[in-house]
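Take a look at the structure below.
Derivation of every value follows stated rules applied to the coordinates shown; laboratory data play no part. None of the values given here were measured: they were computed from a predicted structure. Ideal geometry is used to build each Cβ from the backbone, glycine not excepted, and the neighbour counts take in all protein chains shown.
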Amino acid sequence: MYAYIKGTLEEITEDNIVVEAGNIGYNVKVSTTTTELLPGIGSEVKIYTYTLVREDTFSLYGFLTRDDLEIFKKLITVNGIGPKGGLAILSVMNADALRFAIMAGDAKSIAKAPGVGNKTAERVILDLRDKISLEDTLQGFGSSSENAGSVVTGGAGTDNVMKKEAIEALVALGYSASDATSAVKKVEMSADMTVEGILKAALKYMF
């Protein structure tokens, strides 16, 4: 029903915000990750929304990016993951980390979400693996702010492949897909960067 709400941020609680737009205050349910990224009270915000309408409820779920909204919509198609479960998962990992966890079969990281057990996490992986592409998983890397000025031999495609290999290596070493993805995204790329170089640099962010 609503594509997004743009207005003044009036209130922030742990899992809900109030955005005033057109003299109407909208209650919007959000993840804790979203609340941590919000500007201060009184700031203008643009919140992408998912509308849930049932006999006994009319609720709005909000996200700072279309990417988060789209992954949320995929999550709630999984049996046993309703809107509450979708927000819980996005409260412990961002969209990029979730995609990689799904592709890597990392149920342990997904199961860290409150109310989401191992069986449910495995169902998320089973149901969504075919709906998540490598390009989607790595889409945040090529445009990340820390890499904006770097030149990478072979282009962004080669860059993304090397990062994927570095993440897989960290997961093989026992780190979670979520932590591995977060660390690799912090690595500043250079023209002569190798997978081993990315791995060594990423390990500095694991402690």
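Computed over the alpha carbons of the range 1-64, Rg followed by Dmax gives 11.0, 35 Å. Scaled against the 2.2 N^0.38 Å expected of a compact globular protein of N residues, the Cα radius of gyration of the range 36-114 reads 1.18.
Helices in the chain, meaning DSSP H runs of at least 4 residues, each add -39500 (n - 2.57). Divided by all residues, the mean residue ellipticity at 222 nm is -13500 deg cm²/dmol.
Relative to the longest principal axis of the Cα atoms of the chain, the long axis of helix 83-92 makes an angle of roughly 40 degrees.
Charge dipole (Cα centre; +1 on Lys/Arg Cβ, -1 on Asp/Glu Cβ; no other charges) of the chain amounts to roughly 380 debye.
Just check the range 155-207 against the gyration tensor rule for me: Cα atoms, a ≥ b ≥ c as the square roots of the eigenvalues, rounded for a/c under 1.5, and otherwise prolate or oblate depending on whether a/b exceeds b/c. Prolate. Pick out, from Ile110, Met206, Leu69, the residue whose Cα sits farthest towards the positive end of the charge dipole of the chain, with +1 on the Cβ of Lys and Arg and -1 on the Cβ of Asp and Glu. Looking along the dipole axis, the top candidate is Ile110. Loop by DSSP (not H, G, I, E, B), at most 12 other beta-carbon atoms within 10 Å: where is the longest site-free stretch of the chain for GluC sites (Glu not before Pro)? Of all site-free stretches, the longest is 56-187.
Ranked from largest, the principal axis spans of the Cα set of the range 75-126 equal 23, 19, 18 Å.
To the nearest ten degrees, helix 118-128 and the longest principal axis of the Cα atoms of the chain are 80 degrees apart.
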